[in-house]
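What follows is a set of notes on a single structure, which appears directly below.
The values are calculated or read from the model by the stated rules, or taken from the named source; none is laboratory data. Being a predicted model, the structure only gives us computed values, none of them experimental. Positions of Cβ are backbone-derived with ideal geometry, glycine not excepted, and every protein chain shown enters the neighbour counts. SASA here: full protein model, heavy atoms, side chains in, ligands and nucleic acids out. Shrake-Rupley method; radii C 1.70, N 1.55, O 1.52, S 1.80 Å.
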Amino acid sequence: MTDRFPPPAVRFVAKRLLGAALVLLVLSVALYALFYLVPGDPARLACGERCNPAQVAQVRERLGLDEPAYAQYLHFLQGVFAGRDYSTGTSLEHCSAPCLGLSHQNDEEVTALILRGLPATASLALGAMVVWLVLGVGTGLLSALRRGGVTERALTVLTLAGTATPVFILGLLLLMAVCAYLRWLPFPSYVPLAQDPEQWAWNMLLPWLTLGLFESAKYARLTRSATLEVLAEDHIRTFRAYGVSERAIVARHALRGALPPVIALSALDLGSMMGGAMLTEQLFGLPGLGRLLIDSVRSVDLPVVVGVVLVIGVAVVLANVIADILYALADRRVVLS
């Protein structure tokens, strides 16, 4: 067992996880300070403009906002790890861990709202990742192998166009072309996967293509540059001198050498998509975390804003850890320390 998972690998993973825990702790402090300690009264925001001072005081006591700032933050951490109780005025309401607070708009648990929006965001991110990997890696590899030809020039133009086109413009163009003019698909309407897998896939097709096409340009450039760098190395010239076929060189050596940065970047992008795809979610009416965040900002629902941003931060930090581990596994030159 020691040979398969040596101590350096254990230390490598432990250091990354410890660093992630510290970053998340700092993130939670920063978020709490940003949204709860800035000028303004969260109790007034939660109660509404028509509340009198007595009602505002009741809301402040119910939410625990009458306590010192450090006590409020400790209660927040307690809710995340062990749950906490909220006073309704006549009774106590328990919020199970991980408790991120109660929404000011409807007194619903923030965790429940996030779990309700998570499937749509996860569906969008995972499907788009498949699209950008297939298109981006394929395009970049073909561009590297056809270097200097018409194919490479055409793919370079397409890549630059994809990079320069905003994602919402790309989505609108796809909607107009596919749904309005060609009428190949109806206008998307989100259907949960558990309800109807076939309709879920058809309605997610355009959002996947929109986000995947937008991101694939970045992966095409990365794959092209990484492949050209590997093909220029000395051992590749040695293989060619010994008569190894170009197909074998590309499949066994060039592609393998170009994949580590692509794998690492995919993990990072997948984490950032948990909250970074809000424009796509808004455009296609997906009830995901991005849309929940926008609606909460509009209604000044601070607990929901803090909860969603914290979940997005957790996804990004964990994605960084996974990217480091995958990069180390894919590239043996990385020193595990």
Which are the unpartnered cysteines of the chain, meaning those with no other cysteine Cβ under 4.7 Å from their Cβ?
-> Cys179
With only Lys, Arg, Asp and Glu charged, each at its Cβ (+1 for the first two, -1 for the last two), find how big the charge dipole of region 250-337 is about the Cα centre; round to the nearest 20 debye.
-> 400 debye
By how many degrees, 0 to 90 and rounded to 10, does the Cα axis of helix 255-276 deviate from the longest principal axis of the chain?
-> 20 degrees
So how long is each side of region 24-156 along the principal axes, counting just the alpha-carbon atoms, biggest first, in Å?
-> 75, 31, 30
Dipole of region 149-274, Cα-centred, from +1 at each Lys and Arg C-beta and -1 at each Asp and Glu C-beta, to the nearest 20 debye?
-> 340 debye
Accessible-area composition of the chain, carbon plus sulfur, in percent [1.4 Å probe] | 65 percent
Table column - 3J(HN,Hα) (Hz), region 282-296, Karplus curve with 6.51, -1.76, 1.60, x for Gly and Pro = 5, 5, 9, x, 7, x, x, 5, x, 5, 4, 5, 4, 5, 5
GNM on the chain, C-alpha springs below 10 Å: top fluctuator among Ala258, Ala97, Ala20?
-> Ala97
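What number comes out for the charge environment of Gln72, summing +1 per Lys or Arg and -1 per Asp or Glu over other residues with Cβ under 12 Å away?
On the way: positive: Arg60, Arg84; negative: Asp66, Glu67.
Spelling it out: positives minus negatives among the neighbours equals 0.
Assign unit charges at the C-beta atoms only (+1 for Lys and Arg, -1 for Asp and Glu), then state the dipole size of the chain relative to its Cα centre in Debye, rounded to the nearest 20. All intermediate terms of the calculation are to be shown ahead of the outcome.
Details: 26 positive and 25 negative charges, 315 e Å.
Charge dipole of the chain: 1520 debye, to the nearest 20.
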What is the helix-to-structure angle for 110-145, meaning the angle in degrees between its Cα long axis and the longest Cα principal axis of the chain, kept from 0 to 90 and rounded to the nearest 10?
-> 10 degrees
Measuring from the longest principal axis of the C-alpha atoms of the chain, the long axis of helix 69-82 (C-alpha) lies at a number of degrees, nearest 10, equal to 60 degrees
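Across all directions of projection, what mean area in square nanometres is found for the Cα convex hull of region 108-227? Intermediate values should be presented prior to the final figure.
Working: hull surface 37.8 nm².
One quarter of the hull surface, i.e. the mean projection, equals 9.5 nm².
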Dipole check, the chain, charges on Cβ (K,R +1; D,E -1), about Cα centroid: among Ser28, Gly290, Leu231 the Cα furthest to the positive pole belongs to Leu231
Please give the net charge around Gly288, taking every other residue with its beta carbon less than 13 angstrom from that of Gly288, where Lys and Arg add +1 and Asp and Glu add -1.
-> 0
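In percent, what relative contact order does the chain have, based on Cα pairs under 8 Å that are 6 or more apart in sequence?
Numbers: 416 pairs, mean separation 78.0, N = 337.
It rounds to 23 percent for the chain.
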Under Karplus coefficients 6.51, -1.76 and 1.60, residue-wise ³J(HN,Hα) of region 209-219 in Hz, glycine/proline x = 5, 4, 6, x, 5, 5, 7, 5, 4, 5, 6
Picking from Pro42, Gln105, Trp208, whose Cα lies most toward the positive end of the charge dipole for the chain (charges on Cβ: Lys, Arg +1; Asp, Glu -1)?
-> Trp208
Under the Kirkwood approximation applied to all pairs of distinct alpha-carbon atoms, what is the hydrodynamic radius of region 165-208 in Å?
-> 11.0 Å
Go from 0 up to the bin containing the longest alpha carbon distance in region 209-337, width 10 Å each, and give me the % of pairs per bin.
-> 12, 29, 27, 18, 10, 4, 1
For the chain, modelled as a Gaussian network with Cα springs under 10 Å, which listed residue fluctuates most, Leu270, Leu286, Leu326?
-> Leu326
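What accessible area per residue, rounded to a whole number of Å², is obtained for region 90-188 using a probe radius of 1.4 Å? Don't skip to the answer; put the middle values down first.
Numbers: 5480 Å² over 99 residues.
Accessible area per residue, region 90-188: 55 Å².
Once you have a ≥ b ≥ c as the square roots of the Cα gyration tensor eigenvalues for region 216-257, tell me rounded if a/c is under 1.5, and otherwise prolate or oblate according to whether a/b is larger than b/c. Mind showing how you got there, number by number?
On the way: a/c = 3.49, a/b = 2.18, b/c = 1.60.
Prolate.
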For Glu93, which sequence-distant residues (separation of 5 or more, or a different chain) have an amide H within less than 5 Å of its own amide H, given hydrogens modelled in the peptide plane?
-> Tyr86, Ser87, Thr88
For the chain, state the semi-axes of the equivalent ellipsoid (square roots of 5 times the eigenvalues of the alpha-carbon gyration tensor), sorted largest first and rounded to whole angstrom.
-> 45, 27, 15
Using θ = phi - 60° and the Karplus form 6.51 cos²θ - 1.76 cosθ + 1.60, what ³J(HN,Hα) does each residue of region 18-27 get, whole Hz, x for Gly and Pro?
-> 5, x, 5, 4, 5, 4, 5, 5, 4, 4
